[in-house]
Amino acid sequence: MASTSPDSDTASDAAAAGQAAPGEAAVASAAARPATYFDGVTNRRHVVVLRFDSTLELIEDGVAVATWPYADLRAVDGAPGTLRLKCVSALPLARLEVADPAAQAEIGMRARSLQVERGRGQTGRIVAWSLAAVASIVLIVVFGVPLAAERLTPLVPLSFERRLGGMADNQVRAIFGGRTCTDAEGDAAFAKLVETLRQAGHVDMALPTEVLASPVPNAFALPGGRIYLLNGLLQKAESADEIAGVIAHEIGHVSHRDQTRLMLQRGGMSFLVGLLFGDVTGSTAVIFVTRSLFDASYTRDAEQSADAFAIETTHTLGRSPAPMGELLFRITGAQGSHTIGILMSHPLTEERRELMRREDRPATGPELLSAAEWRALKTVCRSTAAR
Ligand SMILES: [Zn+2]
């Protein structure tokens with residue numbers, strides 16, 4: 001989609017084409033977005049409008065019901081994606097809940113002591129990132145979220161990507177609890193396949209692997225490089241080359257940092273504000289990690305680049321990318337079922353099969369897995385119950 005093109009040259013283009021809600025790119029509109037205020041006396045929810053003046057004014061029906069100095073604002077634990085605040089100079093139980101990312105960003109920029117009472121230990125480690133986040137917010141305001149994500153992605157340190165990947169991994173384990181396939185020979189075969197692809201694709205980072213006993217025909221990679229193969233895909237596959245092509249495509253996404261880019265886009269300001277608040281290990285980031293995992297829709301450009309990576313990598317190994325196209329086609333059929341995992345994120349199967357067929361080459365390299373290794377991989381989940 002055009003929104004991620006670094007060539008979008010006006011802020012309005014980028015904002016209009018992007019996925020961000022109208023107004024998300026303009027802090028000025030934050031004042032108009034309502035927030036929820038609890039006065040600390042009754043349990044009534046007051047819908048208030050925030051006015052960013054010399055203090056933070058909470059306006060209900062045109063009347064300021066509270067004025068909170070920015071220096072007195074403190075973040076307290078709230079629902080994911082929501083910035084929950086108290087004010088040290090107000091009633092102890094008074095709370096303000098801000099869901100609007102632009103308003104969160106505005107508060108983040110004005111209130112410098114939000115994190116005074118928590119996460120002290122984390123503060124040092126994220127100083128650099130906080131600075132980056134402030135800069136990002138400016139970028140987002142100026143260019144709109146998608147463009148900023150495009151520009152920021154190369155700046156995200158790999159170590160940070162790995163932390164994101166670790167969070168995502170926790171979610172995967174929570175969702176697929178106990179369904180990790182642990183057959184030693186099968187796991188070794190998959191690890192070997194991925195390692196072969198990693199070297200051929202000139203990817204510098206480690207790519208840990210895991211097979212999950214899920215019937216869904218899918219494979220995915222987490223930011224930071226962990227590669228997941230679901231048994232449903234494995235069972236549909238008739239050769240190691242078929243799996244290799246799909247996995248090479250996923251490694252392409254890792255190599256191009258598409259997961260991180262998507263997170264920055266989807267998460268937009270909330271995500272960056274989470275960084276600003278030092279909440280990167282907490283609730284804010286997790287939303288986006290989850291979204292990016294199961295609702296992954298990369299841009300068409302990203303998909304084509306990942307396919308190109310898969311084609312190049314298989315060619316480097318003296319293998320053909322055509323089997324990958326056949327596997328995808330077998331799973332989705334000519335029309336494609338958009339309810340199947342791999343198709344939701346990877347549409348246009350027929351077109352891709354044609355592309356892979358055009359790139360078909362006679363095999364000049366050795367088999368990626370021996371017959372015994374392929375058998376071990378196919379049965380890697382036999383002792384793990386699918387649920
Ligand atoms: Zn893809």
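The values are calculated or read from the model by the stated rules, or taken from the named source; none is laboratory data. Owing to the predicted nature of the structure, the values given are computational and were not obtained by experimental measurement. All Cβ positions, glycine included, derive from the backbone under ideal geometry; neighbour counts span all protein chains shown. In case anyone asks, the SASA skips ligands and DNA or RNA and just uses the protein heavy atoms, side chains included. Shrake-Rupley method; radii C 1.70, N 1.55, O 1.52, S 1.80 Å.
For region 144-153, filtered to residues that are crowded, with 23+ Cβ neighbours inside 10 Å and not β-branched (Val, Ile, Thr), the residue that is modelled with the highest pLDDT is Ala149. Filtering region 229-260 to residues that are in contact (Cβ under 8 Å) with a residue 60 or more places away in the chain, open to solvent by 10 Å² or more (accessible area, probe 1.4 Å) and not in a helix (DSSP H, G or I) leaves Glu238, Ser239, Arg257.
What do you reckon, is Pro215 more than 14 Å from the chain's Cα centre (by Cα) and not in a helix (DSSP H, G or I)? For Pro215, the condition - more than 14 Å from the chain's Cα centre (by Cα) and not in a helix (DSSP H, G or I) - is met. Number of residues in region 50-106 that are among the aromatic types (Phe, Trp, Tyr) and open to solvent by 60 Å² or more (accessible area, probe 1.4 Å) equals 0.
This table checks each residue for (1) modelled with pLDDT of 75 or more; (2) open to solvent by 30 Å² or more (accessible area, probe 1.4 Å); (3) over 27 Å from Leu73 (Cβ atoms).
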site: Gly124; (1), (2), (3): no, yes, no
site: Ala128; (1), (2), (3): no, yes, no
site: Leu155; (1), (2), (3): no, yes, yes
site: Glu161; (1), (2), (3): yes, no, yes
site: Asp169; (1), (2), (3): yes, no, yes
site: Gly178; (1), (2), (3): no, yes, yes
site: Gly186; (1), (2), (3): yes, no, yes
site: Ala191; (1), (2), (3): yes, yes, yes
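Taken together, Ala184, Ala221, Ala200, Ala206 contain a single residue that is over 21 Å from the mean Cα position of the chain (by Cα) and under 20 Å from Thr313 (Cα atoms), which is Ala200. Could you check Ala14 against (1) surrounded by fewer than 17 Cβ atoms within 10 Å (Cβ to Cβ); (2) modelled with pLDDT under 75; (3) part of a helix (DSSP H, G or I) and say which number it fails? All conditions pass for Ala14, except number (1).
When each of Met344, Met263, Met324, Met356 is tested for being closer than 30 Å to Pro101 by Cα, among the hydrophobic types (A, V, I, L, M, F, W, C), at pLDDT 60 or above and within 16 Å of the ligand (Cβ to nearest atom), the lone residue that passes is Met263.
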